[in-house]
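Quick notes on the structure that follows.
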Amino acid sequence: MRLRADGFPRSLHGRLLILLLPTLGAVLAFNLWSDFRAAREYTREPYDQALADTAVALAAHIQVHDRVLSLDLSPQAALTLRARPFDDLYYVVRGPNGAVVTGQEDLPPPSAPFVQSPSFYDATYRGAPVRVVLYRTATALGEVTVQAAQTTRRRDELTRRFVSEDLLQDSLLVAATLVLVLLGVRYGLRPLLRVRADLEQRPSGDLRALQETDVPSEVRPLVHALNQQLRALRQASEAQQNFLANAAHQLRTPLAGLQTQIEVAAQEQDPQRLREDVAGLLASVRRASHLANQLLALARAQPPASLSHGTQSIDLKEIMVDSASVHFDRAVANDVDLRFETGTAPLHGSKWLIRELAANLIDNALTYTPPGGNVTVRCGVKAHRPFLEVEDTGPGIPASEQARVFERFYRLPGSAGEGSGLGLAIVKEIATTHAATIAITQPERGGACITVTFPSCAKT
């Protein structure tokens, strides 16, 4: 039997045995003690009555002749009294003054005076336990006391026999109880064994939910929990497969282009043109790096991967202040006026994901805003709900295309810039994870305004 570190067996059968055996042993011991007391009382009553009859018979043979007490027993009567194959009988007759008339004068007296007649008590005589009866009877000379003692071998033998029979019955009952419990456990574990067999027979990639209708109510929560884990694993597997497919599809073209540019640059002899080729290579590497980062961000934004980041109380204003410098550098390089209008906006969520959401909204606005344009980032609270808003003066998003711009790798027809079509898809995934809503509007001066509204400071 394999044991755990705390000393308990690993199997449920072993645990039940360890828990049940002391209890059943205690019950068996108490039952034996109770049976012993009952058997002793059961055997004591008839034997005490027979012993009392012996004392009365002895008293009936007491005679008074010339003011002298004597016990007139015929040889046949004396033989009858002593004809006891299992136990020895002793007696003594004492006169009114306590003098011994006949019998064994060394019979032990009672430890306390007795008022009732006959009275019984236990004692030890000649190294053996005896049961003694004390009987008083009136004579012409006064009250005479008769003591009769009998060894308890027969009584003890009957008591042991009764207890042995009860011990056998109780032991069989305990064994039957253990067998029934173990069989019941085995029968009760059948649903779990079926679940195990179902899982073992499945291919490694089969993450279908287990059947919950045919399992007992006690096992159903376990099966339900397993199904939740299988569902999470299935979602993670699907997300991983989608990510790999998207990454392979989207990186193939940039990498092929890089390979071609490197091959051309390797054969270039003109230093000026070589510098131009290297500059082109650097731009291509940056685009590929940006695409790879967005693919990774998209993968991390999808559940269940997004759940591993943990949630906490955050403020959108602090996130905007911390990351403003990164976006300012790019805005200056693109000749775009980037402004931040921030107010306190507390919410509960993943700080990393919220920062990624804001970064992709601003990056998308900077990508499609032409030189000389404006991008304004706002955050605060409206109607008790925190919001993040990015407004630009780019080409805008037609109403007919607003639903599609959140699809992966989708770009508006005729779009300028070097976007990958992943930025708003990442925003959508993160907003969904935080139970936030997204709205696209068109400002009067043109461009697009994307607003993400979060739940009212509630856990998501």
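Only the coordinates and a few stated rules stand behind these numbers; no lab work does. Predicted model, so just to flag it, every value in this text is computed and none were measured. No Cβ is skipped: glycine too gets one built from the backbone with ideal geometry, and neighbour counts run over all protein chains shown.
Length available on full extension from Phe36 to Arg273: 0.36 nm per residue minus the Cα-Cα distance, which gives 74.1 nm. For segment 432-447, the Karplus equation 6.51 cos²θ - 1.76 cosθ + 1.60, evaluated at θ = phi - 60°, returns couplings of 4, 4, 9, 6, 9, 10, 10, 10, 10, 10, 10, x, 5, 7, x, x Hz by residue, with Gly and Pro reported as x.
P(r) tail, segment 310-453: Cα-Cα pairs separated by more than 23 Å, 30% of all pairs.
Shown in residue order for segment 260-268 are the 3J(HN,Hα) couplings computed by the Karplus curve 6.51 cos²θ - 1.76 cosθ + 1.60 at θ = phi - 60°: 5, 5, 5, 5, 5, 5, 5, 9, 6 Hz (x for Gly and Pro). Using Cβ point charges alone (K and R +1, D and E -1), the dipole size of segment 12-159 about the Cα centre works out to roughly 360 debye. For Val144, the shell of other residues with beta-carbons less than 11 Å away shows a net charge of +1, using +1 for Lys and Arg and -1 for Asp and Glu. Basic side chains Lys and Arg get +1 at the Cβ, acidic Asp and Glu get -1 at the Cβ, and with that the dipole of segment 310-453 about its Cα centre reaches some 360 debye.
For Leu412, no residue has an amide H sitting under 5 Å from its own, ignoring neighbours fewer than 5 places away on the same chain, with H placed 1.01 Å from N. The relative contact order of segment 91-214, computed from alpha carbon pairs under 8 Å that lie at least 6 residues apart in sequence, is 17 percent. Each residue of segment 27-33 was assigned a 3J(HN,Hα) from its phi angle through the Karplus curve 6.51 cos²θ - 1.76 cosθ + 1.60 (θ = phi - 60°); the sequence is 5, 5, 5, 5, 5, 5, 4 Hz, with glycine and proline shown as x. Which loop-located GluC sites (Glu not before Pro) does segment 344-437 contain, where loop means any DSSP state but H, G, I, E or B and the Cβ has at most 15 other Cβ atoms within 10 Å? Loop-located and lightly packed - Glu407, Glu418. Computed across segment 12-159, the Kirkwood hydrodynamic radius from all distinct Cα-Cα pairs reaches 17.7 Å. Here the contact order of segment 310-453, divided by its residue count and restricted to Cα pairs under 8 Å and six or more residues apart, works out to 24 percent. For Gln228, the shell of other residues with beta-carbons less than 14 Å away shows a net charge of +3, using +1 for Lys and Arg and -1 for Asp and Glu. Within the shell of other residues whose beta carbon sits under 14 angstrom from the beta carbon of Cys449, the net charge comes to -1, with Lys and Arg scored +1 and Asp and Glu -1.
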